[in-house]
Amino acid sequence: MSISENVKRYLDRIAEGNCFGEPVTLVAATKTRTPQEINEAIAAGITDIGENKVQEFRDKFDLVRGGRRHFIGHLQTNKIKYLIGKTDLIQSLDREELLTELAARSVRAGVTTDVLIEVNIGSELSKSGYPLREAFAAYERAQSTAGLRVRGFMAMLPLSEDAALLGGLADDMRALFERAVAQDENIRYLSMGMSGDWELCLGHGANMIRLGTALFGERTYS
Ligand SMILES: *Cc1c(COP(=O)(O)O)cnc(C)c1O
């Protein structure tokens, strides 16, 4: 199937919303994809695109036409400067050093940077993000820091066949999200779900999913 057929099929599949009937935003995860492929996805209806390397974000920035721009990868503090003022949402606010630096640079540039707090929900050594027990405090800290506006939370579930385990972790994320929603109208997004687990995530209250392989096919890294 072509990229545009995939896009239409997935937009169709998420059209009825998540398990609470809330609208779902589909973010195309575009790492390794060419501007041409990304533009094909946008022409087919993709509204939001996410890169996870600063270099790729910069290289493709002017060649991609339209689309809200997300950054979804691990962000080194020495590369923040390349993103300031160019993102619609940085989904990977994963540590204090980044919180402080991103806020300071945003203030200096006179912009407010929209972010999601990334949570290492599976407590995996290979993944970044705040531990669940620290995530709410991190959100409150970021929200009260000039230069940042928190819009919600992001997580990547562990690779597992155990649907009960994954569902439990996804429920923990939804509970965190709802605790913040209850006190803060800026909170809108629970970004959780990739090509392998998006259905499970929508069944547990995610309202933003990030699909790469499902839309573009298998990645080859050169
Ligand atoms: C690559 C990537 C995705 C999409 O992964 P697929 O399994 O290809 O859908 C989602 N989120 C992040 C942060 C990614 O880096």
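For Lys60, a cut-off of 15 angstrom between C-alpha atoms picks up these aspartates and glutamates, skipping any fewer than 8 places away in its own chain: Glu37, Glu40, Asp48, Glu51. By the beta-carbon count within 10 Å of each Cβ, the least crowded to most crowded order of Met194, Met1, Met156, Met173, fewest first, is Met1, Met194, Met156, Met173. Between Ser126 and Glu178, full extension at 0.36 nm per residue minus the direct alpha carbon distance yields a gain of 16.0 nm.
Return the lysines within reach of Lys8: Cα separation strictly under 21 angstrom, same-chain partners fewer than 8 residues apart disregarded; answer none if there are no such residues. Leaving aside lysines fewer than 8 places away in the same chain, those within reach of Lys8 are Lys31.
Between the stretch 128-188 and the stretch 38-52, how many Å separate their Cα centres? If you average the Cα positions of each part, the centres end up 25 Å apart.
Checking the a/c ratio against 1.5 first, then a/b against b/c, what shape does the Cα gyration tensor give for the stretch 3-215? Oblate is the answer for the stretch 3-215, as a/c is 1.5 or above yet b/c matches or exceeds a/b.
Going from the residue with the fewest nearby Cβ atoms within 10 Å to the one with the most, Leu11, Leu215, Leu202 rank Leu11, Leu202, Leu215.
Label positions at Ser160 and Glu199, each projected 7 Å from the Cα along the C-beta direction, are separated by 2.0 nm. With the helix formula -39500 (n - 2.57) applied to DSSP H stretches of n ≥ 4, the chain reaches a computed 222 nm mean residue ellipticity of -11000 deg cm²/dmol.
Computed over neighbours whose Cβ is under 15 Å from that of Asp184, the net charge equals +1, Lys and Arg +1, Asp and Glu -1. With neighbour counts taken as other beta-carbon atoms within 10 Å, the residues Tyr221, Tyr139 rank, fewest first, as Tyr221, Tyr139.
Just so you know, all these numbers are worked out from the coordinates, no wet-lab data involved. These figures come from a predicted structure and were not determined experimentally. Glycine gets a Cβ as well: all are built from the backbone with ideal geometry, and neighbour counts include every protein chain shown.
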